[in-house]
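First the structure, in the form of structure tokens, and then the observations on it.
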Amino acid sequence: MRTVFDPAELPPHRMYQVLTASIVPRPIAWVSTVSADGVANLAPYSFFSVSSTRPPVVQFTSVTRKDSLRNIEATGEFVINLATEPLMSTVNASSATYDSNVDEFAALGIDTEPSERVRPVRVAGSPVAIECTLHQVIPVGDSFVVMGDVVTVAVRSEALADDGLPDFAELAPLSRLGRNEWGLPPKVVMLDRPHRPE
């Protein structure tokens, strides 16, 4: 037996709750931008993924039009900083609705570092920063899918494994679940993909 949730019969907020409690865990893009007037902005987004690897394109979704989206449309640049367990309380605090003229980095005392190829600064404490230029914005219902061309991925040296790739244990990535639930780094298992069916 199953309970059926029909979008045609539910208020939009309830459908949002059903989807975000079902599609879990979701990694968090901690997006830094800068306005056309030079005001820095930082906000977390849990609708986040890779769009393409050739060329490298990443995406996040802004549910409604927010400062991050407006800044990206104005400047064409942004940085996705990986949200990690040690930074959880600060990531959560940055989700508050600040006025557009408020710099969340300054308001929350978040250390910054300059980016390599784009104007928005990186979160100094984040182990991975993906610097992007705007690829396209796709309106979908009440949301906007923001796709970025990856121009640089900057990984802190201590977060790299022996093979030169980011190490999951060192990254300690956060995720969002449903309601007010957050996910901490899960158990990892190794399982090679089959080259062809057994």
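The values are calculated or read from the model by the stated rules, or taken from the named source; none is laboratory data. Values in this document were obtained by computation on a predicted structure and should not be read as measured data. Methodologically, a virtual Cβ is constructed for each residue, glycine included, from the backbone with ideal geometry; neighbour enumeration extends over all protein chains shown. Just so you know, the surface numbers come from the protein's heavy atoms only, side chains and all, with ligands and any DNA or RNA stripped out. Shrake-Rupley method; radii C 1.70, N 1.55, O 1.52, S 1.80 Å.
Each stretch of four or more DSSP H residues adds -39500 (n - 2.57); spread over every residue of the chain, this sum gives -4500 deg cm²/dmol at 222 nm. In percent, rounded to a whole number, the relative contact order of the stretch 110-172 is 25, using alpha-carbon pairs under 8 Å and six or more apart.
Going toward the positive end of the dipole of the stretch 27-178, with +1 on Lys and Arg Cβ and -1 on Asp and Glu Cβ, which of 46, 146, 97 do you reach last? Highest projection toward the positive end goes to 146.
Among residues other than residue 61 with Cβ under 14 Å from its Cβ, the summed charge is +3 (Lys and Arg +1, Asp and Glu -1). Rounded to the nearest 20 debye, the dipole size of the chain about its Cα centre is 600 debye, using +1 on the Cβ of Lys and Arg and -1 on the Cβ of Asp and Glu. Residues in the stretch 133-140 carry Karplus couplings, in order, of 10, 5, 8, 6, 10, 10, x, 9 Hz; the curve used is 6.51 cos²θ - 1.76 cosθ + 1.60 with θ = phi - 60°, and Gly or Pro positions show x. Of the residues 162, 149, ranked by 1.4 Å probe accessible area with the largest first, the sequence reads 162, 149.
For the stretch 27-178, the relative contact order works out to 27 percent when only alpha carbon pairs closer than 8 Å and six or more residues apart are counted.
For residue 108, the accessible surface of its heavy atoms amounts to roughly 50 Å² (probe 1.4 Å, protein chains only, rounded to the nearest 10).
How large a share of the accessible area of the stretch 27-178, in percent, is made up of carbon and sulfur atoms when the probe is 1.4 Å and the other protein chains stay in place? Exposed carbon and sulfur together represent 50 percent of the surface. The listed residues 170, 73 rank as 170, 73 when sorted by accessible area, largest first, using a 1.4 Å probe. Here's how it looks for residue 24: its modeled amide H is under 5 Å from none belonging to a residue 5 or more places away or on a different chain.
Relative to the present Cα-Cα distance, how much length would full extension add between residue 74 and residue 89 at 0.36 nm per residue of separation? So the extension gain works out to 2.5 nm. Residues whose amide H falls under 5 Å from that of residue 83, counting only those 5 or more places apart or on a different chain, are 28, 30, 174, with hydrogens built in the peptide plane. The phi-based Karplus calculation (6.51 cos²θ - 1.76 cosθ + 1.60; θ = phi - 60°) puts the 3J(HN,Hα) values of the stretch 105-120 at 4, 5, 4, 9, x, 8, 5, 10, 9, x, 7, 7, 10, 10, 6, x Hz, whole numbers, x for Gly and Pro. Annotation: amide H-H contacts under 5 Å for residue 77 (H modelled 1.01 Å from N, sequence separation of 5 or more, or interchain): 134. With bins 5 Å wide beginning at 0, the percent of Cα pairs of the chain falling in each bin runs 1, 7, 14, 18, 20, 16, 11, 7, 4, 2, 0, 0. Whole-Hz Karplus values for the stretch 81-86 come out as 9, 5, 7, 10, 3, x Hz, taken residue by residue from phi with 6.51 cos²θ - 1.76 cosθ + 1.60 and θ = phi - 60°; glycine and proline positions read x.
For the chain, the solvent-accessible area with a 1.4 angstrom probe is 61 square angstrom per residue.
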